[in-house]
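Have a look at the structure below before the remarks.
Each value in this text was obtained by applying a stated rule to the coordinates, not by laboratory testing. Worth saying up front: this structure is predicted, and the values here are computed from it rather than measured. Cβ atoms come from the backbone with ideal geometry, glycine included; neighbour counts cover every protein chain shown.
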Amino acid sequence: MSKKKGLSLEEKRTRMMEIFFESKDVFQLKDIEKIAPKSKGIAPMTVKEVLQSLVDDNMVDCERIGTSNYYWAFPSKALHARKHKLEELKKQASDAKQRKVSVEKTVEKSKVGREGTKERSSLLKQLQSLREERTNLQAELEKYRECDPDVIKAMRESNVVAKEAVSRWTDNVFAIKSWTKKKFSFDDSRINKAFGIPEDFDYMD
């Protein structure tokens, strides 16, 4: 047996409006929460959400009196709300139509001077060819970048800085080894083993 399909939000809203139209009464939330599931088949957990959506759309009026909220709606109110919504939609449609006309005019203006003539087609092909040639030349130039004097100079300067940094760290290592020998009377092999220093550790040439 197939599972019964639940009501859509719009169906719930329609059925809840029927409660107000049929009774022409004023209700509190607790009243709606009792009536809606029994008489209109609206799931109890969704009653508050559906009611609030109707209030937000001005389909249902809400007034706080004391500590309680009271809800009501009359057919004339719903009709007015629908007319207002329809007017809004018509205005949006009219604005969209005007924007469409404006865009179409802009497109037509932009086409002036870009007609598909043989000359323009030829120029576009030349432009595409020149772009491809430029891309190929840049790729070729990149291959020989390592031979660029400026690049070589920068690499040499970088090597000098790196070598100086290595020498400083080598000084530090030898200083630590010297201090360890004096402090603990360790020999070189024991210190090297303890700190993971290679036996052939020395300054770079």
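Here is how the numbers come out for the structure above:
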quantity	calculated
Ellipticity estimate at 222 nm from DSSP helix runs (n ≥ 4, -39,500 (n - 2.57)) divided over the chain, nearest 500	-24500 deg cm²/dmol
Estimated FRET transfer efficiency when R0 is 30 angstrom, pair C62-A93 (beta carbons, to 0.05)	0.50
Label-point gap, in nm, between S167 and N192 - each point 7 angstrom along Cα→Cβ	2.4
Calculated from backbone phi, Karplus (6.51, -1.76, 1.60) coupling profile of segment 83-95 in Hz, x at Gly/Pro	4, 5, 5, 5, 4, 4, 5, 5, 5, 4, 5, 5, 4
Gain upon complete extension [K118, W72; 0.36 nm per residue less C-alpha separation]	9.4 nm
Whole-Hz couplings from phi, Karplus 6.51/-1.76/1.60, listed for segment 172-189; x for Gly and Pro	4, 5, 5, 5, 5, 4, 5, 5, 5, 4, 5, 6, 10, 6, 7, 8, 4, 5
Binned Cα-Cα distances of the chain, short to long, each 5 Å bin given as a whole percent	1, 5, 7, 7, 6, 4, 4, 4, 4, 3, 3, 4, 5, 5, 7, 9, 9, 7, 3, 1, 0
Charge dipole magnitude, Cβ of K and R +1, D and E -1 - segment 11-75, Cα centre, debye nearest 20	240
Added length on full extension, which subtracts the Cα-Cα distance from 0.36 nm per residue, S8 to D202	61.8 nm
Full-extension gain in nm, S39 to K183, via 0.36 nm per residue minus C-alpha separation	42.5 nm
Nearest-0.05 FRET efficiency for E18 and E49, computed from C-beta distance (R0 22 Å)	0.80
Candidate lysines - alpha carbon under 23 Å from K34, same-chain residues fewer than 8 apart omitted	K4, K5, K12, K24, K48
Helix 118-143 vs. the chain, principal-axis angle (Cα, 0 to 90°, nearest 10)	40
Dimensions (Å) - segment 13-68, Cα atoms, principal axes, largest first	30, 21, 21
